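Written below as structure tokens is the structure these notes are about.
The values are calculated or read from the model by the stated rules, or taken from the named source; none is laboratory data. On a predicted model such as this, the values are computed, not experimentally measured, just so you know. All Cβ positions, even for glycine, are placed from backbone atoms using ideal geometry, and neighbour counts span all protein chains on display.
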Amino acid sequence: MHMTACIVAAFGIAAAGCASGVAAGSAQEVNADVARAAIARAERAVRRAEALHMLWTTADEALRGARRAFEAGDLAAAGAQARVAREHADLAIAQKRYPPFRIQI
């Protein structure tokens, strides 16, 4: 079936106009949209961590790297760096739940 060609399974995005089995728009456009969305999610996570005064420098650096990679056209690197930024921001937020130190007797 040509239907499998209509779905970009790796990203979970359905492409419009697939009667011929060829997705409308190029794969580059889909990847750019995915990378742009990943960067937006990372930006939100970094802002949340920053608002809680828990931003890790690695999250901020990865977000900057994602933006640079996106501007350079390296969409795979942009997506990967955005995921790192989001993960580190989420971990920083989770770290806030732990006590700053543990007293052992």
Next on the checklist: Quick check on my filter: what residues within region 44-56 are surrounded by 14 or more Cβ atoms within 10 Å (Cβ to Cβ) and touching a residue at least 24 places away in the same chain (Cβ under 8 Å)?
Outcome noted: Ala45, Val46, Arg48, Ala49, Met54, Leu55, Trp56
Next on the checklist: So, in region 68-105, how many residues would count as being over 19 Å from Trp56 (Cα atoms), of a type outside the set (D, E, K, R) and surrounded by fewer than 16 Cβ atoms within 10 Å (Cβ to Cβ)?
Outcome noted: 6
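Here are Leu52, Leu75: which of them is modelled with pLDDT of 50 or more and closer than 28 Å to Tyr98 by Cβ?
Working: Leu75 fails: closer than 28 Å to Tyr98 by Cβ.
Only one candidate qualifies: Leu52.
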Checklist entry - Which of the residues spanning region 57-67 are within 12 Å of Ala38 (Cβ to Cβ) and either touching a Leu at 6+ places or on another chain (Cβ under 9 Å) or surrounded by 20 or more Cβ atoms within 10 Å (Cβ to Cβ) (or both)? => result Ala62, Leu63, Ala66
